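One structure is given here, and the rest of the page talks about it.
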Amino acid sequence: MVRYQQGDPAAVTALVSTLSPQLHRFFTSQFVSRRFADDLLQETWLKIHEVRHTYRAGEPVLPWIYAIARHTRVDHYRRTRRVEDREQQMERLPETAATAPDSRGVDLEAALRQLPESQRDVVVMLKVADMTLEEVARATSSSVGSVKQKAHRAYEKLQGLL
Amino acid sequence: MTAPPVDPVLLGSIEEKLRADLRPVRPRPAAGVLAAMLVAITAAVALWGARTFGFYGWRKLGAGAAMAIFVPLLTAVAMLAIAAVRAKIPGARRIAHPAVLLAAACGLMVVVFTAAFPDHRTDGFVRQGWPCLRAGLMWAGPAGLAMWVVLRRGFAVDRRAAGVAIGGLAGLAGLTMLELHCPNFRLAHIALWHTAVVPIAAGVGYVLGLKRRSTPTFSARSAAPPS
C-alpha cells in the first residue's frame, strides 16, 4: 500500500490481483448480478485510487479497503435507485452471480439471503474475507461488541435455516 | 459460497486505468495531529470571538465555576475532534456515533450548568437569549469552515456522521466563546440559548453532509469521448 502511494506500478498489480477476488466475492455475496459486481469492483478501485492518501502506513489495510467498498456499494445502489425511479422502469429481479452447483452452496446462499444486510456483511467479512472482529468493526464503523452481536445473531439464524 | 474467478480482462483494465493516473501522493497526517489541529481551531475561534466581544463572562466567573465549566467543555471538544477526524478516515476505529457523543456532551454541559448556576430567573428570556444564540452561531461558522479546510483531504464513508461531528465541534467553539463572553449567569439562559448552538450547528453539518460529492465513475470516464 505504501509503495502504491509512492507511485510504484508493480504495487498496483500486486494490490489489484490480491484484493480483487475477495472484493468481488464480497459484492456477489450481496446477490447482485455478475455485471453489477464487476461495476462495483471497478468503482471501488477508482475510489481507492482517489483517496489512497487517506491510508497511513502501519494501519490495517483490509478495514480501509472494505470501508470504501461498502461505501461504494451503498452509493452505487442509491444512484441506481434514483435513475430507476426517474426512468420509472419496471422492477426486474437481478440475475445473481453464478455459483458452484453443489447443493450445500445453494443452501448457504439461500440462508444468507434471509439475513439482514448488516449481518450478511459481518458474516462475509469474518468468514469469507477472514477478517478479525476488530477489522470488521473498523470496516463497518461500529464497535467490536456490535460486530459480535451481529455475528451471533447471524449464526443463530443460519443454524436454524441450514 | 463459491463464486467464479474475476475476469482477467477486467483486472487488466482496472490495472491499466490505475496506472494511467499513478503519481506519488502524500499520506494524510496522523489522526492525533489532525485532532490537535481541530482542538486548536476551536480554542482559537472561541478566544478570538471572546476578545472581539469582551471577556465579561470569564471575568465574572469564579475559579471553581470556571473549572467546572471549561474542563468538561474541553473534554467534549477533544472527544468530538477525535470523532470528526475518524469520520473522515475510512476504516478508522469508532467509539460511538458522533450524534451520540454530541448528545452526551450537551447533556453533560446542561448538568454542569445546572450545578454551577443557581439563578433560575427567566425574565427577558428571549430578548437576552436571541443575541447569544446568534453570536454563538456566527462564530461557529468560521470554526466549521476552518475545520473543513483541515479535513478536506479526508474521505467520509458516512458523510452525514462526518457532517454532524464537524458541525457539532464548530458549535462547541461557539458555546466556548459564549461562556467566555456572556455575563448572564441565569440557568435557563445558558442551558437553552448557549447550549442550543451545538445541536443547531450539528444540524447544519448534517444537512451539508447530505450533499452528494460527485465523483466520476470508471464507466463515466471510459465512456467520455477523447479530448
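The values are calculated or read from the model by the stated rules, or taken from the named source; none is laboratory data. Please read these numbers as outputs of a predicted model, since none were measured by experiment. Counting neighbours? That spans all protein chains shown, and the Cβs are built from the backbone with ideal geometry, glycine included.
For every residue, the table says whether it meets (1) closer than 26 Å to residue B:159 by Cβ; (2) surrounded by 21 or more Cβ atoms within 10 Å (Cβ to Cβ); (3) within 8 Å of another protein chain (Cβ to nearest Cβ).
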| site | (1), (2), (3) |
| --- | --- |
| A:35 | no, no, no |
| A:41 | yes, yes, yes |
| A:45 | yes, yes, yes |
| A:49 | yes, no, yes |
| A:55 | yes, yes, yes |
| A:63 | yes, yes, yes |
| A:66 | yes, yes, yes |
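Let's see how each residue does on (1) farther than 11 Å from residue B:179 by Cα; (2) surrounded by fewer than 16 Cβ atoms within 10 Å (Cβ to Cβ); (3) among the acidic types (Asp, Glu); (4) touching a helix residue (DSSP H, G or I) at 6+ places or on another chain (Cβ under 7 Å):
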| site | (1), (2), (3), (4) |
| --- | --- |
| B:48 | yes, yes, no, no |
| B:51 | yes, yes, no, no |
| B:55 | no, yes, no, yes |
| B:62 | yes, yes, no, no |
| B:68 | yes, no, no, yes |
| B:76 | yes, no, no, yes |
| B:81 | yes, no, no, yes |
| B:86 | yes, no, no, yes |
| B:89 | yes, no, no, yes |
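Here is a yes/no grid of residues against (1) within 8 Å of chain A (Cβ to nearest Cβ); (2) of a type in the set (A, V, I, L, M); (3) free of Cβ contacts under 8 Å to residues at least 60 places away in the same chain:
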site: B:16; (1), (2), (3): no, no, yes
site: B:42; (1), (2), (3): no, no, no
site: B:54; (1), (2), (3): no, no, no
site: B:57; (1), (2), (3): no, no, no
site: B:79; (1), (2), (3): no, yes, yes
site: B:87; (1), (2), (3): no, yes, no
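Here's a check for you: in segment B:20-40, which residue that is surrounded by 15 or more Cβ atoms within 10 Å (Cβ to Cβ) and part of a helix (DSSP H, G or I) is farthest from the other protein chains (Cβ to nearest Cβ)? In this case the residue turns out to be B:39. Just one residue in the set B:83, B:105, B:63 is of a type in the set (Gly, Ala, Ser) and within 21 Å of residue B:188 (Cα to Cα); that residue is B:105. In the set (1) more than 7 Å from every other protein chain (Cβ to nearest Cβ); (2) within 22 Å of residue A:120 (Cβ to Cβ); (3) without any contact (Cβ under 8 Å) to a residue 60 or more places away in the chain, residue A:14 fails one condition alone, (2). The set of residues from segment A:29-58 being of a type in the set (Ser, Thr, Tyr), in a helix (DSSP H, G or I) and over 14 Å from the mean Cα position of the chain (by Cα) comprises just one member, A:54.
So, in segment A:116-132, of the ones that are within 12 Å of another protein chain (Cβ to nearest Cβ) and over 13 Å from residue A:70 (Cβ atoms), which residue ends up surrounded by the most Cβ atoms within 10 Å (Cβ to Cβ)? Walk me through how you get there before you give the answer.
To start, the set of residues in segment A:116-132 that are within 12 Å of another protein chain (Cβ to nearest Cβ) comprises A:120, A:123-125, A:127-129, A:131.
From the residues that got through so far, the ones that are over 13 Å from residue A:70 (Cβ atoms) too are A:123, A:127-128.
On the way: A:123: 21, A:127: 14, A:128: 14.
Once the filter is applied, the top-ranked residue is A:123.
Residue-by-condition table, conditions (1) out of contact with any strand residue (DSSP E or B) (no Cβ under 7 Å at 6 or more places or on another chain); (2) part of a loop (DSSP other than H, G, I, E, B); (3) at pLDDT 95 or above; (4) small (Gly, Ala, Ser):
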position: B:170; (1), (2), (3), (4): yes, no, yes, yes
position: B:175; (1), (2), (3), (4): yes, no, yes, no
position: B:202; (1), (2), (3), (4): yes, no, yes, yes
position: B:205; (1), (2), (3), (4): yes, no, yes, yes
position: B:213; (1), (2), (3), (4): yes, yes, no, no
position: B:216; (1), (2), (3), (4): yes, yes, no, no
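Residue by residue through segment B:97-128, note down the ones that are surrounded by fewer than 18 Cβ atoms within 10 Å (Cβ to Cβ), among the hydrophobic types (A, V, I, L, M, F, W, C) and closer than 18 Å to residue B:203 by Cα. Once the filter is applied, which keeps residues that are surrounded by fewer than 18 Cβ atoms within 10 Å (Cβ to Cβ), among the hydrophobic types (A, V, I, L, M, F, W, C) and closer than 18 Å to residue B:203 by Cα, segment B:97-128 yields B:99, B:100, B:103, B:104.
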